[in-house]
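This report concerns only the one structure given below.
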Amino acid sequence: MGIFKLSHSILFKYPSKGNLLGTPAPSLRGRAGGEAAFLSFILCSILLVSCGTKKNIESSGVGTKSIDNTAIRNTEYVRKVYSNATNVKNIVSKIDFSIDANGKNISVDGRIYMRKDEVIRVVLAPFGIMEVGRVEFTPEYVLVVDRMHKQYVKATYNDLAFLKNNGLNFYSLQALFWNELFLPGNNQLTVNMLDKFDSESSAGPQRKVKVKSGNLNFEWDTTAATGRIDAANVAYSTGSANASNASWKYDTFSALGSKMFPALHSVSFSGKTGNKNSNIHVNIRMKKLTTDSNWETRSSVSDKYAKVNAEEALKKIMQF
């Protein structure tokens, strides 16, 4: 899969006409560039996508029993990390959203709506007044709506071959937004899956948890004392000429239900395809975390909106 190229100046302005998925007119450079960069970030971020064993042998009069103490300690620590997952059903907040894409940057207000196992929705609304676009993830599809130009993209996860082939889907992205572990190819992470993860033993304050899936290597940085996830890191490679790295860092933890949840998400993506490089940095700051449940989980799209082919839309965005 190619790396998204962002080459236009990004200065947020209100447009009068143009096309989010094509080449913007001069008055559209800011907003169209910002929305395309935002979509690129979302797609890149879902691409986000070694423990030795020591055996003690106990002898008895009837045989030998092997106990893998290292594996037991490994699973016990991963269980500690797993147990930090928030137990609320809904997370809603106003957000400050900023993105720096290859040296161009924008900042815009918005809102985030998340309902566990149902939807992740990010709405962009400058000054909190007028919505200009939204990105919505459900278990079945990805929806991108451009309110200004009355057009939208709707695609299933199977339409994106890279995600399908590496077992990445809505639930992988959800885990990143919800500050949780995930196992690619599985919709739910259960206790009996925790032995699939490796955990580095360390006397220091940090400890890593790892898992590999296809061409993707996942690594979580955790606080050893509490098992809190401080960052998720993903490396993808099919060779030195085609590689990418992403990190999703968490900060500003505050109480949400009976657990702690990060209000600041900082995402960095860097990649290379051939001789082309791309760098994207995103901050999502949730201003006030709530568990409001009074909202719809599915966005409706007016019949007046034009549906844009997902494959063609992605192709245009990659050329942006």
Any hit, segment 229-236, residues being surrounded by 13 or more Cβ atoms within 10 Å (Cβ to Cβ), part of a strand (DSSP E or B), out of contact with any Asp or Glu (no Cβ under 8 Å at 6 or more places or on another chain) and modelled with pLDDT of 95 or more: no
Number of the exception - ASN217 against (1) under 30 Å from LYS304 (Cβ atoms); (2) touching a strand residue (DSSP E or B) at 6+ places or on another chain (Cβ under 7 Å); (3) surrounded by fewer than 19 Cβ atoms within 10 Å (Cβ to Cβ): (1)
Residue in segment 280-297 that is within 22 Å of ASP100 (Cα to Cα), assigned to a strand (DSSP E or B), modelled with pLDDT under 85 and not polar (S, T, N, Q) present: yes
Subset tally (residues that are at pLDDT 95 or above, at negative phi and open to solvent by less than 20 Å² (accessible area, probe 1.4 Å)) for segment 178-193: 2
Segment 237-263, residues that are among the small types (Gly, Ala, Ser) and outside any strand (DSSP E or B): GLY239, SER240, ALA241, GLY257, SER258
Residue list for segment 101-132, restricted to those being at pLDDT below 85, part of a strand (DSSP E or B) and either β-branched (Val, Ile, Thr) or surrounded by 17 or more Cβ atoms within 10 Å (Cβ to Cβ) (or both): ALA101, LYS104, ILE106
Some residue of segment 213-223 being in contact with a Leu (Cβ under 7 Å, 6 or more places away or on another chain) and of a type outside the set (Gly, Ala, Ser): yes
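The values are calculated or read from the model by the stated rules, or taken from the named source; none is laboratory data. As the structure is a computational prediction, the values presented were derived from the model and not from experiment. Cβ: placed from backbone, ideal geometry, glycine included. Neighbour counts: every protein chain shown. When the accessible area is computed, the model is the full protein with side chains, heavy atoms only, and any ligands, DNA or RNA have been set aside. Shrake-Rupley method; radii C 1.70, N 1.55, O 1.52, S 1.80 Å.
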